[in-house]
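The values are calculated or read from the model by the stated rules, or taken from the named source; none is laboratory data. Predicted model only: the values in this text are computed from it and were never measured. Positions of Cβ are backbone-derived with ideal geometry, glycine not excepted, and every protein chain shown enters the neighbour counts.
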Amino acid sequence: MKQLHKQPSVNHRRDEEIPTSLSSSYSPKAFKHPRSLPRSINYIFREQRLLFILVGILIGSTFFILQPTLSRLSPSEPNPSIPRSFSSSSLHDRINTASFSTDLRSNAGRVPAGLGKRRLRIVVTGGAGFVGSHLVDQLLSRGNDVIVIDNFFTGRKENVAHHFGNPRFELIRHDVVEPILLEVDQIYHLACPASPVHYKYNPGCIFEMVFEALDCDYKTNVMGTLNMLGLAKRIGARFLITSTSEVYGDPLEHPQKETYWGNVNPIGERSCYDEGKRTAETLAMDYHRGAGVEVRIARIFNTYGPRMCLDDGRVVSNFVAQAIRKQPLTVYGDGKQTRSFQYVSDLVNGLVALMEGEHVGPFNLGNPGEFTMLELAEVVKETIDSSATIEFRPNTADDPHKRKPDIGKAKELLNWEPKVSLREGLPLMVSDFQNRILNEDEGKGN
Ligand SMILES: NC(=O)c1ccc[n+]([C@@H]2O[C@H](COP(=O)([O-])OP(=O)(O)OC[C@H]3O[C@@H](n4cnc5c(N)ncnc54)[C@H](O)[C@@H]3O)[C@@H](O)[C@H]2O)c1
């Protein structure tokens, strides 16, 4: 025991055992002398000094390797390439952030090829409707995960049935008037009974059905939009609302620019839709200004294409369905009121450009080609049946006299403009309508 006890003291004082002659001749220069090399090696190997040196080197090199990464992650230093919070970041920043965090796990500082874009989770309300289903096609084809929310008020499962079985596609039957919680990156909010006039013009309708549609329209635009904005705020998602050219009412400015505030009758038959959309735009801007939600506002002008509701009272679908069924084309008023008609693929490209861009809007998305109702009827006759006749009926209340978008803003800021003319787009819609009209169950809802 005594020996064991003594041993450490010997070890600790080993330098004292060095002869005085040698210790007195010590100088830093003498260390470098070849003859003193064995002694310095001895020195290093003694008392586990080598181990300490190696551990020191290891700690030092670890620090230098991690230092650039740590400084980039430091919350105290603002770095424009890394957003502070999900909700305040731009989409491109979020994509960069996603690939950056992948880099951390694999290879610091380098972006591996193919990791430039990450797959987004996107919800499309009203995704089983006409425009929504085409948008869903495009979003899925771009490699995103898509969730459709729809109550099938005017939409149809058949519009998205070709995606059933795709693991990146989900369909939820839900009324957006009720809240829902989902984790997504983007929300395209299209849900809205787009044509309450569907019931109004239908000669077989009863008053209760009209009221239900109108009530539902306003509720969806207000309560539904509030719910989806609330969701966007909670989860930090970007939110796009599909507003309408109807916000311009019966316009006193022609063509209509986004700066025009409109001429809308607040108590008319169309007001539930027009004012509903105006309120939805207001709510979107309030959430943007007040809660920092990234919103995008599209003002859509008349759009047509395959999968439109057969009997929804919209003029293109009316004329096409009537011509195929060998019925007279009904023109309301003198037929000199004008509209612009946009093919659905152009609209979808515009919506995606708006969502992915950095501008809130509102943006007019429409085809500036302007047609009177009589001119449209002539194009439909040329395309489907030149012997079709026209039947005039009294005009509906508050029917706008003119409608034509000024798309200068979308051209400049979204680099977007429509590509498909009416004469090119109409035949694509006609073949779809012909197939569906052949099916006697078509147009009767789900
Ligand atoms: N097509 C056009 O010409 C046009 C023009 C201007 C604006 N818009 C807007 O574009 C959007 C899509 O229009 P669309 O032409 O595809 O109409 P659509 O009727 O075909 O689609 C609307 C979809 O929303 C669904 N929906 C309605 N209320 C809902 C609710 N409460 N909860 C869940 N789902 C609901 C419907 O079932 C339908 O699938 C609408 O917001 C519409 O106002 C369309």
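Restricting to the stretch 128-151, name every residue that is surrounded by fewer than 16 Cβ atoms within 10 Å (Cβ to Cβ) and either part of a strand (DSSP E or B) or on the phi > 0 side of the Ramachandran plot (or both).
Within the stretch 128-151, G143 is the sole residue that qualifies.
If we keep just the residues of the stretch 283-316 that are more than 10 Å from the ligand (Cβ to nearest atom) and part of a loop (DSSP other than H, G, I, E, B), which is surrounded by the fewest Cβ atoms within 10 Å (Cβ to Cβ)?
G292
For K257, which of the numbered conditions (1) over 28 Å from the mean Cα position of the chain (by Cα); (2) within 21 Å of G361 (Cα to Cα) fails to hold?
For K257, the failing item is (1).
Check whether at least one residue in the stretch 375-383 is assigned to a loop (DSSP other than H, G, I, E, B), touching a residue at least 40 places away in the same chain (Cβ under 8 Å) and either under 24 Å from K419 (Cβ atoms) or among the hydroxyl-bearing types (S, T, Y) (or both), and report yes or no.
Checking the stretch 375-383: not a single residue is assigned to a loop (DSSP other than H, G, I, E, B), touching a residue at least 40 places away in the same chain (Cβ under 8 Å) and either under 24 Å from K419 (Cβ atoms) or among the hydroxyl-bearing types (S, T, Y) (or both).
With respect to A280, determine if the residue is more than 10 Å from the ligand (Cβ to nearest atom) and at pLDDT 90 or above.
The answer is no for A280.
Can G249 be described as away from the ligand (no atom under 13 Å from the Cβ) and surrounded by fewer than 22 Cβ atoms within 10 Å (Cβ to Cβ)?
In short, no.
May I ask you to list the residues in the stretch 340-373 that are assigned to a strand (DSSP E or B) and either among the hydroxyl-bearing types (S, T, Y) or modelled with pLDDT under 95 (or both)?
The answer is S340, Y343, E370, F371, T372.
Scan the stretch 317-361 for residues that are surrounded by fewer than 21 Cβ atoms within 10 Å (Cβ to Cβ), within 15 Å of the ligand (Cβ to nearest atom) and more than 21 Å from L426 (Cα to Cα) and report the count.
1
Pairs only if they're at least six apart or on different chains, beta carbon under 6 angstrom, first in the stretch 153-178 and more than 17 Å from H189 (Cα to Cα) and part of a helix (DSSP H, G or I), second more than 10 Å from the ligand (Cβ to nearest atom) and at pLDDT 95 or above; list them, first residue then second.
Close Cβ pairs (under 6 Å, with a partner that is more than 10 Å from the ligand (Cβ to nearest atom) and at pLDDT 95 or above) amount to H163/F169.
Taking R110 as meeting all but one of (1) among the charged types (D, E, K, R); (2) modelled with pLDDT under 95; (3) within 16 Å of the ligand (Cβ to nearest atom), write down the number of the exception.
(3)
Only one of (1) modelled with pLDDT of 95 or more; (2) of a type outside the set (A, V, I, L, M); (3) in contact with a Ser or Thr (Cβ under 8 Å, 6 or more places away or on another chain); (4) within 16 Å of the ligand (Cβ to nearest atom) is not met by K233, so which one is it?
Of the numbered conditions (1) modelled with pLDDT of 95 or more; (2) of a type outside the set (A, V, I, L, M); (3) in contact with a Ser or Thr (Cβ under 8 Å, 6 or more places away or on another chain); (4) within 16 Å of the ligand (Cβ to nearest atom), the odd one out for K233 is (4).
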